[in-house]
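Read the structure below first, then the notes.
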Amino acid sequence: MTKDFKKLRLVLGDQLNHFHPWFSKKDPQIQYVIIESLEEASYTKHHIQKLVGFLLAMKQFATEMEKKGHHFLYIEYADANNRGYISETVVHLIQIGSYQSFEYQEPDEWRLQESLRNLKLRLEKEKGIETKECPSFHFYTEKNEIQNMFPKRNYLMETFYRQLRKKHNVLIEKDGSPVGGKWNFDSSNRKKYNGKKQWGARPDFGNDVSKILQRVNSIPTFGNINPKNFPWPVSRKESLALLNYFLEFLLPAFGDYQDAMLDEEPFLFHSLLSFSLNTKLLSPKEVVDATVLAYQDNPKEISLSNAEGFIRQILGWREFMRGVYWAEMPEYSKKNFFSHSRPLPSWFWTGKTKMRCMERSISNSLDHAYAHHIQRLMVIGNFSLLAGLDPSQVDGWYLGVYMDAIEWVQITNTRGMSQFADGGLVATKPYVSTSNYIGKMSNYCKNCSYNPKTKTEANSCPFNPLYWNFFSNHEKFLSKNPRIGMVYPQLNKMNKDEKKLLFDRAQVLLNRLEEV
């Protein structure tokens with residue numbers, strides 16, 4: 001650290017954008033700082049791969065920017081100038097430096113936004129330091145765009161998605177209609193994997209993380225990691241390699257099988273690009289543009305339904321989740337529509353449950369810091385909602401366990417889409433099912449200790465009685481929901497004895513969640 005710099009710029013761990021306007025030119029009077037913060041490492045208990053991945057990506061970014069001629073100060077946990085908190089470390093750096101101004105990019109989390117805006121007021125009032133919040137230049141949308149689009153808070157992702165497709169001219173004909181005549185090919189994206197298409201070997205980045213594990217061994221984490229072969233991309237070069245692999249080998253089958261689950265394969269045709277996107281090593285626009293180009297260059301191999309299914313996740317759902325987050329926070333983080341309060345069973349941290357679908361989905365999460373959206377929504381989330389687990393505890397687990405879990409995208413998916421804790425702001429109905437859906441979309445049931453075909457026997461799949469028990473308990477809230485379908489007519493047709501057996505079985509399960 002020297003006295004030569006006049007401006008200090010903060011780069012957060014999820015702001016690793018090589019093409020941010022900050023880096024369009026080199027300035028000898030500007031110093032950038034990246035801080036390993038114990039505050040960020042411990043605001044929730046993180047999967048060890050998530051913690052290591054962020055630290056590796058942060059360090060790699062600083063190193064690459066230095067090589068391009070920018071001046072970076074990288075502060076590790078044990079650095080003498082590290083005060084544990086980002087704000088306190090920045091204040092300390094300004095006290096010992098000669099900086100006349102401080103800048104930061106707008107954070108993507110409400111918690112950090114409040115912290116840095118308080119820091120801004122503090123620096124301006126107490127230190128006389130000019131402080132500026134700058135845009136991050138990453139997303140397609142502005143923070144308040146969804147509020148302007150839906151002033152009455154009647155958020156609809158399909159409406160949002162179509163408007164963004166038009167605005168950004170993504171798969172749009174000259175007359176403004178969608179390429180292929182349809183906006184959404186979701187009905188073509190629900191196939192059970194048939195074993196014919198193969199995904200090939202994913203890029204092996206082979207990063208040895210033994211040394212960094214020694215540095216972080218005092219920070220509480222969970223999950224598993226291979227010290228000699230860290231599998232996630234932690235640089236832009238690695239992220240681009242993964243993107244190119246996805247477009248060539250996986251996109252041709254992605255849409256068809258994006259909802260499928262396979263006992264022996266945790267990833268199938270999913271891109272695993274979410275960590276690179278959420279750290280801003282890749283931009284959503286370049287990923288969407290590359291997908292459109294791949295489809296246009298090879299329409300015989302890559303169908304429109306496969307390309308659109310992937311684009312919808314990024315241009316549609318990802319931006320939609322961010323919009324709802326900024327429209328509804330901080331109140332959103334406390335929502336609990338059904339007043340659920342059961343604690344998470346301990347096997348959420350071990351995967352040791354007799355339910356094969358839950359065991360596979362949780363074990364994959366613990367082994368890889370990853371599960372795809374159907375495992376998160378229709379297995380783990382489905383069970384959590386049916387069992388009445390506390391949405392705050394479910395939030396905390398999801399926020400900690402997944403590589404891509406940053407609050408702006410995680411909480412709206414978990415508390416909203418998965419747990420219906422927002423009462424329907426995100427999802428128009430609770431996403432729950434019996435074992436029938438899981439059996440249709442996976443081969444999990446074949447290797448399960450439970451019988452997916454029965455409801456009331458001692459070995460019947462827990463999803464079956466819990467499903468009917470859930471709707472019975474919440475009839476007051478859900479019976480008038482037009483998207484519930486035939487649930488209540490079917491429930492009302494059951495005789496008293498059948499209902500009693502169902503609800504008794506459900507209660508036994510709820511009383512013994514640790515043993516399920």
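General remarks:
- Which listed residue, of LEU281, LEU344, is at pLDDT 95 or above, aliphatic (A, V, I, L, M), on the phi < 0 side of the Ramachandran plot and surrounded by fewer than 21 Cβ atoms within 10 Å (Cβ to Cβ): LEU344
- Scanning the range 328-370 for residues that are among the aliphatic types (A, V, I, L, M) and within 21 Å of the chain's Cα centre (by Cα) turns up MET329, LEU344, MET358, ILE362, LEU366, ALA369.
- With respect to (1) part of a loop (DSSP other than H, G, I, E, B); (2) open to solvent by 80 Å² or more (accessible area, probe 1.4 Å), the lone exception for LYS166 is condition (1).
- Look at (1) over 22 Å from LEU268 (Cβ atoms); (2) of a type outside the set (D, E, K, R); (3) touching a residue at least 40 places away in the same chain (Cβ under 8 Å) and you find that ASN459 fails only one, number (3).
- Residues (touching a residue at least 40 places away in the same chain (Cβ under 8 Å) and either in contact with a Pro (Cβ under 9 Å, 6 or more places away or on another chain) or not polar (S, T, N, Q) (or both)) located in the range 117-148: CYS134, SER136, PHE137, HIS138, PHE139, TYR140, LYS143, GLU145, ILE146
- Condition met for ASN443 (among the polar types (S, T, N, Q) and surrounded by fewer than 16 Cβ atoms within 10 Å (Cβ to Cβ)): no
- Members of the range 85-115 found to be free of Cβ contacts under 8 Å to residues at least 60 places away in the same chain, open to solvent by less than 10 Å² (accessible area, probe 1.4 Å) and not polar (S, T, N, Q), listed by number: VAL91
- Residues in the range 254-277 that are surrounded by fewer than 23 Cβ atoms within 10 Å (Cβ to Cβ) and assigned to a helix (DSSP H, G or I): ASP256, SER274, LEU277.
- Test: residue in the range 13-22 that is over 17 Å from THR279 (Cα atoms) and either of a type in the set (Gly, Ala, Ser) or surrounded by 18 or more Cβ atoms within 10 Å (Cβ to Cβ) (or both): no
- Only residues that are out of contact with any Cys (no Cβ under 6 Å at 6 or more places or on another chain) and surrounded by 13 or more Cβ atoms within 10 Å (Cβ to Cβ) were counted in the range 447-503, giving 37.
- Condition check for GLU173: touching a helix residue (DSSP H, G or I) at 6+ places or on another chain (Cβ under 7 Å), more than 15 Å from VAL288 (Cβ to Cβ), exposed (fewer than 15 other Cβ atoms within 10 Å of the Cβ) and modelled with pLDDT of 95 or more: yes
- Selected residue [surrounded by 12 or more Cβ atoms within 10 Å (Cβ to Cβ) and under 30 Å from LYS228 (Cα atoms)] from ASN207, ASN189: ASN207
- Qualifying residue in the range 129-136 (condition: assigned to a loop (DSSP other than H, G, I, E, B) and either under 29 Å from SER283 (Cβ atoms) or polar (S, T, N, Q) (or both)): yes
The values are calculated or read from the model by the stated rules, or taken from the named source; none is laboratory data. These figures come from a predicted structure and were not determined experimentally. FYI the Cβ positions are ideal-geometry reconstructions off the backbone, even for glycines, and counts take in every protein chain you see. SASA here: full protein model, heavy atoms, side chains in, ligands and nucleic acids out. Shrake-Rupley method; radii C 1.70, N 1.55, O 1.52, S 1.80 Å.
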